[in-house]
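A.B. asks: The structure is given below, and queries will be raised subsequently.
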Amino acid sequence: MTSITLVIEDEKWRAVRGLQARLKRAAALALSSARRKGALTILLSNDRKLRTLNRDFRGRDKPTNVLSFPSDTDGYLGDIAIAYGVTGKEARASGKKLVDHATHLGVHGVLHLIGYDHERPRDAKIMEPLEVRILGKLKIADPYAADRP
């Protein structure tokens, strides 16, 4: 069974039209694309919260766009947190819609929960095309296209 819970901590996220349904659909697509099932939670928060989590869990005292916290509990995949401010700045800087960029970060976070990574080039060559395929099903453009020659 797949269960996706959204927790909205920063009210600014509520103004992002269609985001809640799209995030749930994107997370479900990410799981089904990887042939996985389970429960997870997506926290829509702010830069201050993500900075604290980034500092406390990764030793990096700065805000970030998304963090994933895999779980060891059977059936519970883990938690994802997304920062409103950083995500908005990135979307504006790259000419993307906030809803599309936040959805991409949700997919990215889900893939991290189930073991995908992109730290090494060979891992990125597996994870990033999977993200692109999932986002394509949601009619979201390839977020990595500008990075390719």
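The values are calculated or read from the model by the stated rules, or taken from the named source; none is laboratory data. What you see is a predicted model, and the numbers here were worked out from it, not measured in a lab. Quick reminder, even Gly has a Cβ in these numbers, built from the backbone with ideal geometry, and neighbours come from all protein chains shown. Each accessible area value is taken on the protein alone, full model and side chains, heavy atoms only, with ligands, DNA and RNA left out. Shrake-Rupley method; radii C 1.70, N 1.55, O 1.52, S 1.80 Å.
A.B. asks: Accessible surface of residue 37 in the full protein assembly, 1.4 angstrom probe, to the nearest 10 Å²?
C.D. replies: Ignoring ligands and nucleic acids, residue 37 comes out at about 150 Å².
A.B. asks: Quick check on region 88-149: take the gyration tensor over C-alpha atoms, sort the square-rooted eigenvalues as a ≥ b ≥ c, and tell me if it's rounded (a/c under 1.5), prolate or oblate.
C.D. replies: Prolate shape, in that a/c is at least 1.5 and a/b is the bigger ratio.
A.B. asks: Among the listed pairs 37/125; 62/89; 97/137; 49/89, give every one whose C-alpha distance is greater than 21 Å.
C.D. replies: Pairs exceeding the cut-off: 37/125.
A.B. asks: Relative contact order for the chain: what percent, with Cα pairs under 8 Å and sequence separation of 6 or more?
C.D. replies: 23
A.B. asks: Find the Rg to Rh ratio for region 65-122, where Rh is the Kirkwood radius over alpha-carbon pairs and Rg uses the same atoms.
C.D. replies: 1.04
A.B. asks: Only loop residues by DSSP count here, and only those with at most 12 other Cβ atoms within 10 Å; note down the GluC sites (Glu not before Pro) in region 70-149 that meet that.
C.D. replies: Within region 70-149, the qualifying GluC sites (Glu not before Pro) (loop, at most 12 other Cβ atoms within 10 Å) are 119.
A.B. asks: I would also like to ask the following. At 1.4 Å probe size, what's the solvent-accessible area of residue 41? Round to the nearest 10 Å².
C.D. replies: Surface accessible to solvent at residue 41 totals approximately 30 Å².
A.B. asks: Please report Rg (one decimal) and Dmax (integer) in Å for the Cα set of the chain.
C.D. replies: Cα-based Rg and Dmax for the chain come out at 14.4, 42 Å.
A.B. asks: Also, I was wondering about something else. What number comes out for accessible area per residue over region 45-115 if the probe is 1.4 Å? Units Å², please.
C.D. replies: So region 45-115 comes to 50 Å² accessible per residue, rounded to a whole number.
A.B. asks: Among the DSSP beta bridges whose two residues both lie in region 1-108, what percent are antiparallel, rounded to the nearest 5?
C.D. replies: The antiparallel fraction comes to roughly 25 percent.
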